[in-house]
Every structure is written in structure tokens, then in C-alpha cells.
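**Q** Dropping the structure in here first, questions after.
Nothing in this text is a laboratory measurement; each read-out follows from the coordinates by a stated rule. As the structure is a computational prediction, the values presented were derived from the model and not from experiment. When we count neighbours, we look across all protein chains shown, and the Cβ atoms used for this are built from the backbone with ideal geometry, even at glycine.
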Amino acid sequence: MNSALPQLNAAPSGTGVERDFQKAILRLVKGGPERQAIEAGQIDAIIDPASGNSILLPEARRALIERRVGFRSLIGLAFDWYWEQDEDYRFVSHRGATDDADGIAEEGIIGKALWDLPIDNMSEADWRTHRQQLEWRVVFRDLEIRRADRGGEVRYVSISGEPVFDDRNHFKGYRGITRDITERKQAEALVQQSQRFDRAVLDALGTPIAVLDRVGSVLSANHAWRDFATKHGGVGTGVAAGANYLAVCDDAGGTDQVDGMAIAAGIRQVIGGERALFRYDYACDSPTARTWLALSVTRMPGNGNASAVVLCEDITERKRGELLLGLELAVARCLANATTAASALQSVIRVICETQGWDCGRYFRLDQSAGVLRCEQSWGVSGAVVEEFLEKSRGMVFRPGAGLAGRVCQSGQPLWIIDGTRGTAVSPTALAPETGEYDACVFPVTTDEKVIGVLAFSAGHVREPDDRMLQAVRSIGGQLGGFLLRQEAADSLRRSEMRFRVLNDLTSDWYWEQDSNFRFTQVVGCSALGTAEILGMTHWELPNVVADEGWAEHKSQLAARWSFCDFEFATLHPDGKRAYYSICGEPVYDAAGIFTGYCGTGVDITRRKRAEIALRESEARLRAALAARSSD
Amino acid sequence: MVRKRKGRGESDPAVSTVVVMALYITDSGPNSVRAIANLEAICKEHLNGNFRLEIIDVLQHPLRALADGIVVTPSLAKLSPLPIATVVGNLSDKSGVLRALGIVGSAR
């Protein structure tokens, strides 16, 4: 509007001159009210009745000049050049609002239309559109053109224009402004380059990553994320860029509902700033396998629309490893708590079935003497089919090399039957009695690399084993084999002890133990000497023991820590008769070789001794009688 | 610059006649600006929307001022209802303006 202002008639500067000017203009004004208003300083301008021009009074003139200067300064901030075109769209003026007018002006564009200039980013279609705008006399804004300046540097300018009409509404041309937007475009190019770089980095990462905005919509996702979605199911894995991740989690149904709710709540907490990191591990079941996923959501404040970064990893292998390690520990715990081989086998089969999702398991023991495998123990989940299957297995016998168990026994290697027959050289009919409609996993139970039995597990579906699983079954087979061997040795020892005890019971009446001072600490058996009464006594301190010269020799043997056998001693009964005993003993040493006492057995030999005495007396009487007769 | 303003047209029993006015100003001269502000306040207080105001910048429409017999700016011409009246100056004399507009005795 400023440029459209007519040339102002203004008072000359100078105080005296201004007074003369006021007198002059007062002469132009004839009315009293006008004069009074001028004298009161309430008038801005006087209209010259001859020309119609406005004569500005000094105060108004100063105000308008200040305003114009201020306005120029402001518009200088808004654009770099001001231009005018004639009715043929040829530039008729082009003035820089800044001193540094090195844009289109230096090309000498006066007399040329915009499309006559060397502009390289406008196609013919673009120019047609622009010219149509001009023909329609519409205002156009921010037409961005690119050109090389005199130094060959690429520059961008933005042009806006409006049509100009005269008083009779005839089109006179266009006028408008041009802004140098080179710096902005360069900055935009840098931003785009940076974004491309960020994108390339994101896509280069192997971890699936998605960036969410504050409402949970996926702003961007990398290649790994998209690839992950094609290979995995589960909550949130198929959410593409533009979709709302939170909505997908909220809408999760069935077995995914709980995971969906937990994930959505965690993400909302991260986006809301309540926590910086949210981690969540969850399982996704498909008809063929179970997959474990680990979700990690990190807060991303101060990054425009981005509010959170979601990372999703397949941790199935790690999780399987943890589960198998847990299984090995569970098996070890079962073996530690078991008291018999049967209970150990039962608990081990059960824990393997429960952790691996198998329906039943059977243990075939290798009968070394008969050279066959016999089904010895089994466990299965409740159900008529499984129970029938296990019932058929009882009494099942395989020779090494025959059937699945026999083959594993012979080879010493685990065997897997997936989908009935796949991976085996055995005909389906041969498998049927062993596996029924089930898949099976059979592995050896070993000790020192020697197969002593076979464990066979069955299920509706058995996952193909990986290296970690094979390692686990070997470990379990070894643990179980070692336990069974030890258990067999322990059973053998128990049986031996039992036999020894029976024999001992047959050959002695009591068993005794003494400390290092030869005092009784334990007496087991039917001792005629009593039990509790004699604890703390030595043999020679027993009640009513008959002291004779034999004790001195016996004590010297004990002092020398010698074993002794059939040492006989006697006690005197109240009825005056004697009871006779025979004891055997040997010294006892602890693990450090220190003497701790004696242990031994005792036998009541009273009847034998009395018989001997009676016999001797009888012989003596007989000899005496014979001697008397011969002397007679 | 010609600016035309209309009141909101709300019915007011006290002032039911529409007052038609023309204010002649000089761009953004200090008295012109003040005159606009003073007249706005008077219209709001006394005319209750029953007015039509045309603001004419004499720098842009010099012939219009001549034709209307305007000698100085700012000047306010009441064109309707008759009689026609003119007030010159920045309209800081509120009672004078009210008299010219025919709102006698309403000054507060």
C-alpha cells in the first residue's frame, strides 16, 4: 500500500518555516471550526481545493514517514526482491529489498517473462499450469524455481505475485515478491540426506525395529521388522508402518489377549514418561512350533513425533536352551530325591514329559543276561488313549537292533520319529506297535558310554531336535545311567549286607562295639549279660565276671591292637553256677588311621562248656574207676 | 482506502434509527487514528449497532473529499438522518460529536 501512496505535499522543515506554513494553510481554511481544530492540533491534513491534493501538517507528516520507514524495514525482512510485470508478464521493475541483491536481478531480466529465464526445475507442464494461473488473474504463492547464478552455484527462489488492475478494472500486469530460499532448500536437502542415512542405518540393523508416535502409530519400521512379520506370528509382529500398534495389542484376542494387554500397558507407560524402558518376553504358538519373542520398548523423548522405539527379537533358541537347562536340573533333582531306581525312573519320565509337552514316556532296561530290552517303567498324561498305549507297552521286549528301542540300544544314538515315519528306515507298520499314532523321541541311557537302557517318549507332535536338545538328551541319559548304575551297586551292597547279617545272626549271639578305652558303646543282640546295664564297662568289669589269668593276656592283646578270636571268659551266677562266653574282636580305625576302639561278636557257650566240663568230669570219674579196678 | 462498517443491527428501543456516517482520514495520521478510535467508542456506547460508517482515506481518494466538500482531515460527516452535520478534528469532544449525530442529551 505504501508504494501506492501519492506524493505527499509536505511542509518544509524548520521551526520558523513551519510557522509560515501554518499561516499559509490557515488561509486555505475559511471555516471557524476547521481553524480551531488546526490550532488545537487535531488536524492531519488540509485538502487543497484547487488540486484535491492533501497537504500534510508537520505532525502527521512525521508520523507517516516513520510508519513508512518502519514498514519498509518490516517488508525487507519478509522478502528479498519486489517486482512488477506488465500485461504480457514481462518484468518492468525488479528491486532488491536488501543491499545484497544478487538474485535474478543481475541477469538483466527487465523485458523478459519468467519462463524466458534459465530455470531448470520447471517442466513444460509446470509452465503451462503457471501461465494458466496468470491468465486467470489469480494470486500465486511460493512458486519455487531453481537456477544457477553467475558463479554456477545453484540457487532457489520462491516467487509470489498478485494481479494489478487500474481504476477501470483493466488488467495492468502482476506485481509480487521473490525470496531467496537457497539456504532453506539446502537445509531441507541436508535433512532429507540425514533422513535417508538414518533410514539406511535402521534398515542395516538386523534387529526388527519400529518407531511409534505418541498415540502408538508406527511412524517407520526397518527391513528386519517387515521381514520378521512375514515369518512370525504373535501379538504386534504384523503391524505395518501407518497402523496403530497399541490398537493391535488392545484388540488381541484368544491366547494372545493377556500378552496384548500387558504390552499395550507397558508401551503406554513408556510413551507417557512413567518409565524409560519396558521389556516383555512372550510365547507364540503356531500349529507347528512355539516361538518365544522378547519385546523391548524404549522411550524416545524430544524427537519430534517419535515417542518410543520398539525392538522385537526371536529368543526361541535362548529360551529353549534355558528350558533344557532347567530340565537337566529338574532331572538331577529327581535323581537326588529318589530312593529307588523305580521311583527315580517314574519321576524323571514324568518331569521330561511335563516340560517338553510329551504325552508319555517308557523306560526299557537292557537285561544283560537275557540280551533283551524289557519295558520296565512308564508314565503318561491322563487319558484313555495314552493309558491304552502304555498298557500295550507293558511286557514289550525288544532284541538289540529290533524296533526303535532296539535300534537305539544298538547304535547308542538318539532317534526321532517325526510325522510317523519320516527320517527312519523302518516301515510304518513296524513302527505302529511302538509309536501308535504318535511321533516319538528315543534316546539311550548310558553309563561310561555303555548303553544300559532306552528312554522312549511319544507325543502327538515332536519338534525336530536341534543340537542343544540332542546335547540335553545325552546329558539326561548319562545322568540317569549313572544313577541306575549306582543304585544297582547300592542294591547289591544292601543285599550283600543283608546276607552277611543273616549269617552273622546265625554264628553269634550279639554284636558289640567299644571305644578306645575298651568300654562298651553299643551292644546289639540277645546278650545274656544285658544291654543297657553294661554300656560303659569293659569286658573284665562285667558283673560277676570270673577273674583268672586269661584276662592279663587278653588285655595285652588289646593294648597291642591285635585281633582276637574265641577268647573265653566266665561269670558266676547267684546259684553258684558259671556261665561261659566266647568273644571275637578286631580293632577299629577312623579315616585318619587313628584307633577308635574295638568291635566284635559274642557267643554264649555255657551249654557247650558245661557239657565239656561234664564230659571231662565223667572221663575223670571213669579213669578213676578204671584205675581203682586195675589196682583192685 | 474506503472502509465500510456496519453495526450488528441489534434492535434498541432507544436508538432505532440507523445513523449513516462518513469519516475522512489521512492514512495513519495521529489524529486520524485517534478519530477512528473515538468514533468507535461512541458508536459502541450510544448507537448500539444502529449505524453505518464509511472511512475514506483522502490520500487514496482525493477527489472524493473534494466532491464531498471536505476541507480538513479528520472530519466526520453525518449523512443520515437529516440534517447533515460535520465534525472536524479527532473527535475527542464527545458531546460535540453526539450533538452532531443527533443523540442530544445522551452524553455521559
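**Q** Apply the Debye scattering formula to segment A:471-591, with a single equal point scatterer on each alpha-carbon and no solvent, then give log10 I(q)/I(0) at q = 0.16, 0.22 Å⁻¹.
**A** Once normalised to I(0) and log-transformed, intensities are -0.88, -1.37.
**Q** Would you mind ranking A:Met122, A:Met396, A:Met498 so that the residue whose beta carbon has the fewest other beta carbons within 10 Å leads the list?
**A** A:Met498, A:Met396, A:Met122
**Q** Using the 2.2 N^0.38 Å rule of thumb for compact globular proteins, work out how the protein assembly as shown stacks up: its C-alpha Rg over that value, please.
**A** 2.21
**Q** Report the Cα-based extents of segment A:189-265 along its three principal axes, largest first, to the nearest Å.
**A** 47, 27, 15
**Q** Which angle from 0 to 90°, rounded to the nearest 10, does the C-alpha axis of helix A:58-78 make with the longest principal axis of chain A?
**A** Roughly 40 degrees, rounded to the nearest 10.
**Q** List the residues, sorted by chain then number, that are 5 or more residues from A:Trp292 or on another chain and whose placed amide H is less than 5 Å from its amide H.
**A** Residues meeting the criterion, in which the H sits 1.01 Å from N, are A:Cys284, A:Ile315, A:Thr316.
**Q** Report the label-to-label distance for B:Thr17 and A:Ala243 in nanometres (one decimal), using points 7 Å from each Cα along the Cα→Cβ vector.
**A** 7.5
**Q** Moving on. Using a 7 Å offset from the Cα along the Cα-to-Cβ direction at both A:Ser194 and A:Gln257, what is the distance between the two label points in nm, to one decimal?
**A** In this crude spin-label approximation the distance works out to 4.6 nm.
**Q** Next question. Across peptide B:61-70, how many C-beta atoms of other chains are within 10 Å of each residue C-beta, on average?
**A** 3
**Q** Can you tell me the mean projection area, over all orientations, of the convex hull of segment A:300-359's alpha carbons? Units nm², please.
**A** Its Cα hull, projected and averaged over all orientations, spans 6.6 nm².
**Q** Enter the angle in degrees (range 0 to 90, nearest 10) between the Cα long axis of helix A:384-393 and the first principal axis of the Cα atoms of chain A, meaning the one along which they spread out most.
**A** Here the helix axis deviates by roughly 40 degrees.
**Q** Send over the semi-axes of segment A:200-337's equivalent ellipsoid, whole angstrom and largest first, taken as the square roots of 5 times the C-alpha gyration tensor eigenvalues.
**A** Over the Cα atoms of segment A:200-337, the semi-axes work out to 30, 16, 15 Å.
**Q** Still on this structure, please answer the following. In degrees between 0 and 90, to the nearest 10, how far off the longest principal axis of chain A does helix A:182-204 point, with axes built from Cα atoms?
**A** That works out to roughly 20 degrees.
**Q** A further question on this structure: Counting other beta carbons within 10 Å of each residue's own, what order do A:His94, A:His232, A:His539 fall into, fewest first?
**A** A:His232, A:His94, A:His539
**Q** Hey, what D do you get for segment A:79-187 in µm²/s if you plug the Kirkwood alpha-carbon radius into Stokes-Einstein at 4 °C and 1.567 mPa s?
**A** Details: Rh = 14.3 Å.
Here the translational diffusion coefficient equals 91 µm²/s.
**Q** Among the aspartates and glutamates, which have Cα under 16 Å from the Cα of A:Lys112 when same-chain residues fewer than 8 positions away are ignored?
**A** A:Glu84, A:Asp86, A:Glu87, A:Asp88
**Q** A further question follows. Which trypsin sites (Lys or Arg not before Pro) from segment A:454-494 combine a DSSP loop assignment with at most 10 other Cβ atoms within 10 Å?
**A** Sparse-neighbourhood loop trypsin sites (Lys or Arg not before Pro): none present.
**Q** While we're looking at this one, here's another question. When you take every Cα atom in segment A:320-491, what is the radius of gyration, and what is Dmax, the widest Cα pair distance, in Å?
**A** 14.7, 42
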